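Worksheet: one structure, shown below.
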Amino acid sequence: MSKSLLACAISGSESALVRIKTSGSGRYIITACRTVPVGSSDLAGRKQPHTVRKLLSLADEWRGETLALCVCPDAYFPLNAYFPGSLRQDARRDYCRIEATHFLERPDDYLYDHVPYTENTGDPVEKHLVLFYRAEPFKALAESFASQHPLLFCGSPLQPEVYRSRITGGKAAFLDLGRCHISLTVAENGRLAFFSCHRIKDRQEAEYFAIHELKSHPDCREHDVHASGEMADRKMIRLLEKETSCRVVPPDIPRGVEFSGRNTSAFRSSAVAKAVTTALMAIGI
């Protein structure tokens, strides 16, 4: 049975909406793809109402359809936590909220995502990454979308990236070069293998930490590293490849995803790639 899903990805300076249809036989077709040059940096201050209206207008044509939302915060606050392996998803959320009260001064001001690590081998207690980030302005944006669409997912790129390693098989590496942080995520077959995050003040610090992380992990020399974020320009990618011997590439569309039209130029957008990956993860939920 075929079904369709909308997915919107909000990066630092660009946003994308895709509509994906699936036939249930493993085929995914992008039937619509739209981008706008606004992002999370425009969701603060006086620009916020206009930006929210612009983002909502991307999906006006399909009001009432289910939507998944991927947001890219400026800063992450990671915490490794250990949960009983037999916990159901709703019980794990309760554990995450408990961890937030111990880890954060104002836990209600934060959202979080959590994923299990690959090192869990059926032990009674499993290691998870709980990734906290500030709720606003993304919580308000999610509420605005939810007034027009059933909201299936709202979160950072962490869960979609980890899920991508499940649908492609093997390992996948993702380097996020944002304005205020750099993070490296390595996932394998739908579980997290490694995560690191550093706060940065300028481009020089971004270069230093990115080179350090890529050099420290052999997996990054054996697999493509998908780089995104405001600082992931050609100059940065050339520098990282020269200094680390890694192959650093922009985010791409997973195999098995087709485009219904002829113009595929929008696929070069990292926001579109994040939206597609988010859609695939949401369909698999």
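When residue 182 is evaluated against the numbered criteria (1) closer than 21 Å to residue 128 by Cα; (2) assigned to a helix (DSSP H, G or I), which criterion, by number, is the only one it fails?
(2) is the only condition that residue 182 fails.
A quick yes/no check of all residues on (1) out of contact with any Ser or Thr (no Cβ under 9 Å at 6 or more places or on another chain); (2) modelled with pLDDT under 95:
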site: 114; (1), (2): yes, yes
site: 117; (1), (2): yes, yes
site: 120; (1), (2): yes, yes
site: 127; (1), (2): yes, yes
site: 132; (1), (2): yes, no
site: 156; (1), (2): yes, no
site: 159; (1), (2): no, no
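Looking at 32, 9, can you tell me which residue is of a type outside the set (D, E, K, R) and surrounded by 19 or more Cβ atoms within 10 Å (Cβ to Cβ)?
Working: 32 fails: surrounded by 19 or more Cβ atoms within 10 Å (Cβ to Cβ).
Unique residue meeting the criteria: 9.
This table checks each residue for (1) surrounded by fewer than 17 Cβ atoms within 10 Å (Cβ to Cβ); (2) of a type in the set (Val, Ile, Thr).
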{"position": "55", "(1), (2)": "no, no"}
{"position": "62", "(1), (2)": "no, no"}
{"position": "66", "(1), (2)": "no, yes"}
{"position": "75", "(1), (2)": "yes, no"}
{"position": "85", "(1), (2)": "yes, no"}
{"position": "93", "(1), (2)": "yes, no"}
{"position": "108", "(1), (2)": "yes, no"}
{"position": "123", "(1), (2)": "yes, no"}
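Which residue pairs have Cβ atoms closer than 6 Å, lie 6 or more positions apart in sequence or on different chains, and pair a first residue in segment 208-232 that is touching a residue at least 24 places away in the same chain (Cβ under 8 Å) and over 12 Å from residue 178 (Cα atoms) with a second residue that is surrounded by 19 or more Cβ atoms within 10 Å (Cβ to Cβ) and of a type in the set (Phe, Trp, Tyr)?
226/174
Select the strands (runs of 3 or more DSSP E) contained entirely in segment 1-71, then report the ones holding at least 2 residues which are in contact with an Asp or Glu (Cβ under 7 Å, 6 or more places away or on another chain) and closer than 21 Å to residue 258 by Cα.
On the way: elements: 3-10, 15-22, 28-36, 67-71.
In segment 1-71, the matching strands (runs of 3 or more DSSP E) lie at 3-10, 28-36.
Looking only at segment 72-95, how many residues end up being out of contact with any Ser or Thr (no Cβ under 6 Å at 6 or more places or on another chain) and assigned to a loop (DSSP other than H, G, I, E, B)?
At the first step, the residues of segment 72-95 found to be out of contact with any Ser or Thr (no Cβ under 6 Å at 6 or more places or on another chain) are 73-95.
Next, from what is left, pick out any that are assigned to a loop (DSSP other than H, G, I, E, B): 73-76, 85-88.
Final tally of qualifying residues: 8.
How about segment 62-92: which of its residues are more than 18 Å from the chain's Cα centre (by Cα) and within 24 Å of residue 40 (Cβ to Cβ)? It would help to see each step written out before you state the result.
Going through segment 62-92, the residues more than 18 Å from the chain's Cα centre (by Cα) turn out to be 62-66, 80-92.
62, 63, 65, 66, listed by residue number.
Please find, within segment 202-223, the residue that is modelled with the highest pLDDT out of those that are loosely packed, with under 14 Cβ neighbours inside 10 Å and not in a helix (DSSP H, G or I).
202
Across segment 14-39, which residue is nearest to the chain's Cα centre (by Cα) among those that are of a type in the set (S, T, N, Q) and modelled with pLDDT of 90 or more?
Top of the filtered list is 15.
Pick from 227, 275: which is assigned to a helix (DSSP H, G or I), buried (at least 23 other Cβ atoms within 10 Å of the Cβ) and modelled with pLDDT of 90 or more? Reasoning before the result, please.
Details: 227 fails: assigned to a helix (DSSP H, G or I).
Sole residue among the options that is assigned to a helix (DSSP H, G or I), buried (at least 23 other Cβ atoms within 10 Å of the Cβ) and modelled with pLDDT of 90 or more: 275.
Just a yes or no: is a residue in segment 193-208 touching a helix residue (DSSP H, G or I) at 6+ places or on another chain (Cβ under 7 Å), hydroxyl-bearing (Ser, Thr, Tyr) and within 23 Å of residue 272 (Cβ to Cβ)?
no
Kindly list, by first and then second residue, each pair from a residue in segment 148-167 that is within 13 Å of residue 67 (Cβ to Cβ) and surrounded by fewer than 19 Cβ atoms within 10 Å (Cβ to Cβ) to a residue that is among the β-branched types (Val, Ile, Thr) and modelled with pLDDT of 95 or more, limited to pairs with Cβ atoms under 8 Å and residues at least 6 apart or on different chains.
Qualifying pairs under 8 Å: 150/66; 151/66; 152/66.
The values are calculated or read from the model by the stated rules, or taken from the named source; none is laboratory data. This one's a predicted model, so the numbers in the text were calculated from it and none came from an experiment. Every residue, glycine as well, gets a Cβ built from its backbone with ideal geometry; the counts of neighbours run over all protein chains shown.
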